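Let me begin by presenting the structure, written as structure tokens, before commenting on it.
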Amino acid sequence: MDILSNIFYFCLALGILIAIHEAGHFFMARFMGVYVERFSLGFGPVLLSHKGKNGTEYSLSLLPFGGYVKMYGEDRKSIDPEREKEAFCCKKVWQRFLIVLAGPFNNIALAWVIYLAIFLLGIPDVKPVFDVIPGGLAAEHGFRSGDLIVKVGDDEIVDIEESLYSLISRIGDDAVTVTVRGSYGSEPERVLELPLSSWSLEPGNTKILEEIGLEPLSYKISGRVEMVESGSRAEAAGLEKDDEFISYDGITYQDWKTFSAYIRAHPEKTIAISLKRGDATLSADLVPEGRDKNGELQGYAGIMPAIDEIPGVSFVRKYDFWPAVTGSWYKTWDMSIITLRFIKKFVTGEISPKNISGPVGIAKGAGLTGRMGYIFFLSFMALISVNLGVLNLLPIPVLDGGHLFFYILEGVFRKPVSAKVLDILMKTGFVLLCLLMIVAVFNDLYFSW
């Protein structure tokens with residue numbers, strides 16, 4: 001069912017994003033007086049087609065990986081002199097510039113509209129509060145458990161997602177300035193430096209931040225027993241629900257992670273436990289069951305700890321109208337800058353090409369967020385829309401940004417780029433784009449199975 005769900009949400013998201021992008025070209029072309037011969041969503045064999053009153057053909061094609069707007073007179077080879085006013089190539093350079101710009105502009109504008117809707121409706125969110133892994137990179141550079149990240153560099157940080165994207169976009173940097181407030185944000189600001197030159201981003205890794213010693217902290221595992229497994233060694237030792245651990249083998253109980261690691265390291269060995277039950281203090285002898293895990297014998301007790309929410313860490317991100325307008329603008333701007341940073345890291349080799357996702361990766365993201373709820377799906381669409389808009393603005397031949405670059409040169413030098421040079425650049429850009437798609441599809445196939 002997940003595969004069908006992924007396909008459905010993938011087609012829905014991509015269809016909307018492509019339609020919005022091509023609509024930008026279409027309506028701006030019509031506004032500038034250019035005749036549009038065909039408006040197509042998708043490539044390949046035509047599934048549905050309709051011809052409008054003005055002669056424009058609207059079509060839906062089989063392959064949903066793009067679309068196009070075919071305008072009359074995209075080159076000067078076959079133009080009826082009587083229809084020059086309707087020809088794209090006969091329009092002034094600024095008019096052609098705006099027609100091409102309208103596509104990626106629409107994608108970025110769509111992201112802003114989606115973020116605006118999300119901020120007005122309200123989205124469940126989590127503050128960027130972190131637990132610090134002892135001995136990790138973050139701990140070595142002054143981070144403390146319960147720190148709330150306020151800024152990464154100059155980026156204002158509001159939630160976990162923003163902190164993750166902002167940190168990842170700085171992979172390879174020698175010293176990243178991170179502003180934090182301790183005790184879940186109640187303490188004064190501290191400015192720390194975190195070197196990310198050795199941090200790597202591997203596809204499929206769901207614990208990226210743990211590699212630098214940080215774990216999101218939206219809840220706290222208490223020292224109170226929530227459940228004792230029936231027939232387990234914990235039950236045999238007499239442990240009960242709501243017991244609170246005081247110490248084990250003379251070690252004062254600090255946190256569940258350290259205690260559970262101690263249990264795993266002591267299979268079939270007696271652990272002397274001191275615990276509190278109501279007002280009474282009791283002792284128990286726990287002998288963890290030895291279980292084989294990847295060829296290693298580890299202790300298992302059969303205890304589930306209680307989970308306590310941390311007040312104020314989870315929140316609903318919701319604004320009134322004008323704060324939502326400005327907030328969604330800053331969110332869109334920030335995601336655009338982060339996208340550019342990612343692109344720079346790929347070009348310089350600081351982020352491996354293995355992390356380029358193709359249709360399978362996007363489909364998985366669409367399906368996952370779609371199943372989580374419409375707010376999360378909209379947020380995913382906004383992210384992809386920003387990426388699509390920014391990528392299309394890059395000055396690469398074949399992409400919209402390549403055409404825009406040529407129009408800038410034409411405006412500066414008062415003459416268009418020669419047809420021969422343009423042809424070579426377009427073919428080169430097409431080959432590069434094909435290679436990028438091959439890498440993306442290979443990554444999808446190789447790292448997904």
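The values are calculated or read from the model by the stated rules, or taken from the named source; none is laboratory data. These numbers were taken from a predicted model, which means no experiment stands behind them. In this analysis, Cβ positions are derived from the backbone assuming ideal geometry, glycine residues included, and neighbour counts consider all displayed protein chains.
Descriptive notes on the structure:
- Selection of segment 314-338 for residues being touching a Pro at 6+ places or on another chain (Cβ under 9 Å) and exposed (fewer than 13 other Cβ atoms within 10 Å of the Cβ) yields only 316.
- Counting the residues of segment 229-251 that are assigned to a strand (DSSP E or B) and surrounded by fewer than 20 Cβ atoms within 10 Å (Cβ to Cβ) gives 4.
- Test: residue in segment 98-109 that is over 30 Å from residue 324 (Cβ atoms) and polar (S, T, N, Q): no
- Comparison of 396, 384, 375, 408 shows that the only residue that is within 22 Å of residue 427 (Cβ to Cβ) and in a helix (DSSP H, G or I) is 408.
- Filter result (within 22 Å of residue 186 (Cβ to Cβ), hydrophobic (A, V, I, L, M, F, W, C) and at pLDDT 90 or above) within segment 133-174: 138, 139, 143, 148, 149, 150, 152, 157, 158
A quick yes/no check of all residues on (1) within 23 Å of the chain's Cα centre (by Cα); (2) among the aromatic types (Phe, Trp, Tyr); (3) part of a strand (DSSP E or B); (4) surrounded by fewer than 19 Cβ atoms within 10 Å (Cβ to Cβ):
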position: 139; (1), (2), (3), (4): no, no, no, yes
position: 151; (1), (2), (3), (4): yes, no, yes, yes
position: 162; (1), (2), (3), (4): yes, no, no, no
position: 167; (1), (2), (3), (4): yes, no, no, no
position: 171; (1), (2), (3), (4): yes, no, no, no
position: 178; (1), (2), (3), (4): yes, no, yes, no
position: 187; (1), (2), (3), (4): no, no, no, yes
position: 199; (1), (2), (3), (4): yes, yes, no, no
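- Residues of segment 77-119 that are among the small types (Gly, Ala, Ser) and in a helix (DSSP H, G or I): 102, 103, 109, 111, 117.
- Of all the listed residues (118, 157), the sole one being free of Cβ contacts under 8 Å to residues at least 40 places away in the same chain and crowded, with 19+ Cβ neighbours inside 10 Å is 157.
- Of the residues making up segment 301-313, just one is surrounded by fewer than 16 Cβ atoms within 10 Å (Cβ to Cβ) and at pLDDT 85 or above, namely 304.
- Against the criterion of being in the same structural domain as residue 331 (by TED's automatic domain parsing), of a type in the set (Asp, Glu), assigned to a helix (DSSP H, G or I) and modelled with pLDDT under 95, residue 22 qualifies.
- The listed residue being more than 15 Å from residue 23 (Cβ to Cβ) and in the same structural domain as residue 23 (by TED's automatic domain parsing), out of 99, 114, 108, 79: 114
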